[in-house]
1. Under the rule of -39500 (n - 2.57) per DSSP H run of 4 or more residues, summed and divided by the residues of the chain, what mean residue ellipticity at 222 nm is obtained, to the nearest 500 deg cm²/dmol?
2. Compute the whole-percent fraction of alpha carbon pairs in the stretch 90-185 spaced more than 21 Å apart.
3. Can you pull the one-decimal nm distance between simple spin-label points at ARG47 and ASP212, each 7 Å off the Cα toward Cβ?
4. Please give the solvent-accessible surface of LYS197 in Å², to the nearest 10, using a probe radius of 1.4 Å with every protein chain present.
5. Heavy atoms only, probe 1.4 angstrom, no DNA, RNA or ligands counted: give me ILE133, ILE76 ranked by accessible area, highest first.
6. Based on the alpha carbon coordinates of the stretch 1-121, what radius of gyration and maximum Cα-Cα distance (Dmax) apply, in Å?
7. Whole-Hz Karplus ³J(HN,Hα) for the stretch 199-211, in order, using 6.51 cos²θ - 1.76 cosθ + 1.60 and θ = phi - 60°, x for Gly and Pro?
8. How many nm is it between the label spots at ASN61 and PHE131, if each spot is 7 Å from the Cα in line with the beta carbon?
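The values are calculated or read from the model by the stated rules, or taken from the named source; none is laboratory data. From a predicted model like this one, the values you see are computed outputs, not experimental measurements. For neighbour counting, all protein chains shown are included, and Cβ atoms are generated from backbone atoms with ideal geometry for every residue, glycine included. Protein only, heavy atoms only, side chains kept; ligands, DNA and RNA dropped before computing areas. Shrake-Rupley method; radii C 1.70, N 1.55, O 1.52, S 1.80 Å.
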Amino acid sequence: MTKAEKVAFTIAKLKELYPTIPVPLDHKDPYTLLIAVLLSAQSTDVRVNKITPLLFEKADNPFDMIKLSVDEIRDIIRPVGLSPMKSKGIYGLSKILVEKYDGIVPKKIELLEEFPAVGHKTASVVVSQAFGIPAFPVDTHIHRLLYRWGFTNGKNVVQTEKDAKRLFPKEIWNDLHLQIIWYGREYSPARAWDLDKDIITKTIGRKKVLEDYYKTKKSR
């Protein structure tokens, strides 16, 4: 298969498996999505979805959020991990939103990246999922899968994002990044990986990845 054929196969298979794509983090608007994505760093979406209702019950907009102290925010979000950094980030970005943006989340990645505790991936998720602006946020699942599929050298997430944007049509980026995340969780995890269930990697996977998989399986 040529690279173009592999890309086409991947797009078609993901579309077949995920014709409708659920958004992993529960939210009701750009602000609650921004907070949920920030909280998801080095945590799980399941855990975040348990904590955000408790936080949003007290404050689901930046005006109410800055009425809470950093310590109050930290006490609520503690179970998701990294709570000292995340609570300062939530308070800090909410203050900036109120003072500089009238409480409205900006639609530009570069403006979102200026907020405390908001990196490129978080900003990309917000513009793609909240505003429908094409972006290709790369998380650990996407980074792992695009390497397994031979679409990137996997050296770092910056390179993986560049390669993904070059290979896949811009109009499907927003759907595709979510489809890949779901596929990675269900069929191509980092641990307890069963290649027989992972049809995409089995069909188009990087030769070395497949060789290493079978070598490891034999040695067990």
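1. Using -39500 (n - 2.57) per qualifying helix, the result is -19000 deg cm²/dmol.
2. 35 percent
3. Spacing of the two 7 Å Cα→Cβ label points: 2.6 nm.
4. Accessible surface of LYS197 is approximately 130 Å².
5. Reading off the accessible areas and sorting them downward yields ILE133, ILE76.
6. Looking at the stretch 1-121, its Cα Rg and Dmax stand at 17.2, 58 Å.
7. Values, residue by residue: 4, 5, 5, 4, 7, 10, x, 4, 3, 5, 4, 5, 4 Hz.
8. 2.0 nm
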